[in-house]
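The structure appears below as C-alpha cells.
The values are calculated or read from the model by the stated rules, or taken from the named source; none is laboratory data. On a predicted model such as this, the values are computed, not experimentally measured, just so you know. No Cβ is skipped: glycine too gets one built from the backbone with ideal geometry, and neighbour counts run over all protein chains shown. Calculation scope for accessible area: heavy atoms of the full protein, side chains included, ligands and nucleic acids excluded. Shrake-Rupley method; radii C 1.70, N 1.55, O 1.52, S 1.80 Å.
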Amino acid sequence: MPLTSVKLLTRASKSVYARSNIIVTYSRRIESKFYSSNVIHRQNNFHPLCSSKSWPYYLERNVCQAGSKPHLLFLPNANQKRDFSFKESMESAIVSHSSFFKWISECTVVEKSQNFIVQFHDTTGLPWWLSIILTTCLMRTVITLPLALYQTFVIARLENIRKEMDDIVNDIKYELNREVRRNKWSEKKAKIHFNTTVRKEWTRLIERDNCHPAKAALLAIVQIPMWVVLSTSFRNLVYMLPHQDAFAELKKLELSVGGIAWFPDLTIPDSFVIPIMLGLTNLAIVEVQTMMRKGDRTRLQRYATNFFRGFSIFMIPVAACVPSCLTLYWLTSSAYGLAQNLTVMSPRVRRLFGIPSTSSTHPHPYAHLAQQLRSRFRL
C-alpha cells in the first residue's frame with residue numbers, strides 16, 4: 001500500500017476516534033442538563049446526539065465507542081421539552097416569599113426589637129393595647145423625631161442657598177458674556193466654563209452650610225426599615241415566631257385578651273374601624289403637606305401626591321386582613337407622624353430648634369391651614 005494512503009487512513013481513524021469521544025462527552029453534558037429527571041433516559045441509558053438533524057434520535061451508550069458506528073434509535077414517546085404550569089410557578093413564588101419572610105422573622109434586629117417590646121410590656125405592667133401605643137410613641141420620639149427636625153433644618157438651608165444661588169448664577173452669566181466677547185470663546189467652550197463654575201459655587205455653598213441634599217433623605221432611610229422591623233416584631237408575637245415554645249404561647253394568649261373596646265382580641269383582624277382610621281390619617285398627612293406648599297406644583301410633585309393618596313386608600317383593605325395589634329401600631333405611627341408635622345410648622349418650634357425661616361414658611365401656619373380647609377370644603 002502506498003505511504004500516502006497509509007497516512008490518510010491513519011488520520012481518518014484518529015478523526016473518527018476523536019469525534020466519537022466528543023459525541024460521548026457532549027451527550028453526557030446534554031443528559032445531565034436536560035434529561036436528569038426523565039425516568040426513561042435513566043433506565044434505558046440513552047444519550048442524545050448533539051446534531052439538530054438527528055433530533056429526536058438517540059444514541060445508545062454501550063455502542064458508542066472508538067471505531068464503531070453509532071446506532072440510532074427512535075423514541076416517539078420521549079418528552080423533548082419541559083412543561084411549566086401556572087400552578088408550579090405560583091408554588092415556587094410562594095416558597096420563595098415564605099423563605100424571605102422567614103429570614104426577616106429570624107433576623108437579629110427583629111429579635112432585639114421583639115424582646116424590647118416584650119420587656120417594656122412586662123416592666124410597665126400595662127395592657128397590651130396601651131403598651132403598643134406607648135412603645136410606638138417612644139420609638140418615634142427617640143429615633144425619628146430628631147431626624148425629622150434635622151431634615152427640616154437641611155431642607156430650609158437648601159431653600160435659602162438656592163435663592164442665593166440664583167444671584168450667583170446671574171453674576172456668572174454677566175462675567176461669562178464679558179469673557180466671551182473679550183477672548184472670542186466658542187459657544188461650546190462658554191457652556192463648559194459656565195457649568196463648571198456653577199457646579200463649584202453650588203458645592204461651596206453646600207459645604208459652607210453643611211446641607212448636602214442627600215441628608216434630606218436620612219429620615220426615610222431610617223424610618224422605613226424601622227417600620228418593617230416593628231411590624232415584623234408584632235407579627236412574630238401573634239404567630240409565635242421564630243420559636244414556638246411555652247413563652248411564645250403565653251405572649252399570644254396575653255395578646256388575645258389585651259385589647260379594649262371593640263377589639264378585645266389583638267390577634268384577630270379588625271375589619272372596619274382601625275383600618276378606616278388608618279386610611280384617613282394617612283390621607284390627612286398627604287393633604288396637610290399639599291396645602292402648606294407654596295407656589296405651583298411640578299408634574300412630579302402632582303404624581304407623587306396622587307401616588308400617596310392611592311397608597312393611603314390601598315392600606316385600608318390591607319389593614320383589614322392583618323392582626324389588630326399590627327394595625328394599632330400602624331395607626332399610632334401615622335397619628336404620631338401627623339402630630340409631628342403639625343408641630344414642626346410652628347414658628348416657635350422652628351426658632352427653638354434653630355431651623356431658619358424661608359420664603360415658603362408661613363408666619364401663621366395654622367391660620368393658613370384652616371383657611372385652606374374652609375376653601376376646600378366650602379365651609
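Among the criteria (1) modelled with pLDDT of 95 or more; (2) open to solvent by 40 Å² or more (accessible area, probe 1.4 Å); (3) of a type outside the set (S, T, N, Q), the one Leu328 does not fulfil is (2). Taking the listed residues Ile132, Ile155, the one that is closer than 21 Å to Thr327 by Cα and aliphatic (A, V, I, L, M) is Ile132, with no other qualifying.
Among helices (runs of 4 or more DSSP H) lying entirely in the stretch 276-379, which contain 3 or more residues that are aliphatic (A, V, I, L, M)?
Numbers: elements: 299-319, 324-344, 347-352, 365-377.
By residue number, 299-319, 324-344, 365-377.
Residues of the stretch 342-377 that are within 24 Å of Lys163 (Cβ to Cβ), surrounded by 13 or more Cβ atoms within 10 Å (Cβ to Cβ) and either free of Cβ contacts under 8 Å to residues at least 60 places away in the same chain or acidic (Asp, Glu) (or both): Met345, Pro347, Val349.
Is it the case that the stretch 213-222 has a residue that's part of a helix (DSSP H, G or I), closer than 18 Å to Ile117 by Cα and open to solvent by 60 Å² or more (accessible area, probe 1.4 Å)? Checking the stretch 213-222: not a single residue is part of a helix (DSSP H, G or I), closer than 18 Å to Ile117 by Cα and open to solvent by 60 Å² or more (accessible area, probe 1.4 Å).
State all residues of the stretch 213-257 that are of a type in the set (Val, Ile, Thr) and touching a residue at least 40 places away in the same chain (Cβ under 8 Å); if no residue qualifies, say none. Give the derivation first.
Within the stretch 213-257, the first condition is being of a type in the set (Val, Ile, Thr), and the residues that meet it are 221-222, 224, 228-229, 232, 238, 257.
Within the stretch 213-257, Val222, Val228, Val229, Thr232, Val238 qualify.
Residues that are part of a helix (DSSP H, G or I) and among the polar types (S, T, N, Q) were ranked within the stretch 223-251; the one that is most open to solvent (accessible area, probe 1.4 Å) is Gln223. Go through the residues of the stretch 140-156 one by one and say whether even a single one is basic (Lys, Arg) and open to solvent by less than 50 Å² (accessible area, probe 1.4 Å). Yes, the stretch 140-156 contains at least one residue that is basic (Lys, Arg) and open to solvent by less than 50 Å² (accessible area, probe 1.4 Å).
If you go through the stretch 289-325 and pick out every residue that is open to solvent by less than 50 Å² (accessible area, probe 1.4 Å) and of a type in the set (S, T, N, Q), you end up with 4. Residues in the stretch 112-170 that are without any contact (Cβ under 8 Å) to a residue 12 or more places away in the chain and not in a helix (DSSP H, G or I) were compared, and the one that is nearest to the chain's Cα centre (by Cα) is Leu126. For the stretch 180-194, the count of residues that are within 35 Å of the chain's Cα centre (by Cα), more than 30 Å from Leu147 (Cβ to Cβ) and part of a helix (DSSP H, G or I) is zero.
One residue alone among Ala320, Ala335, Ala339 is of a type outside the set (D, E, K, R) and without any contact (Cβ under 8 Å) to a residue 12 or more places away in the chain, and that residue is Ala339.
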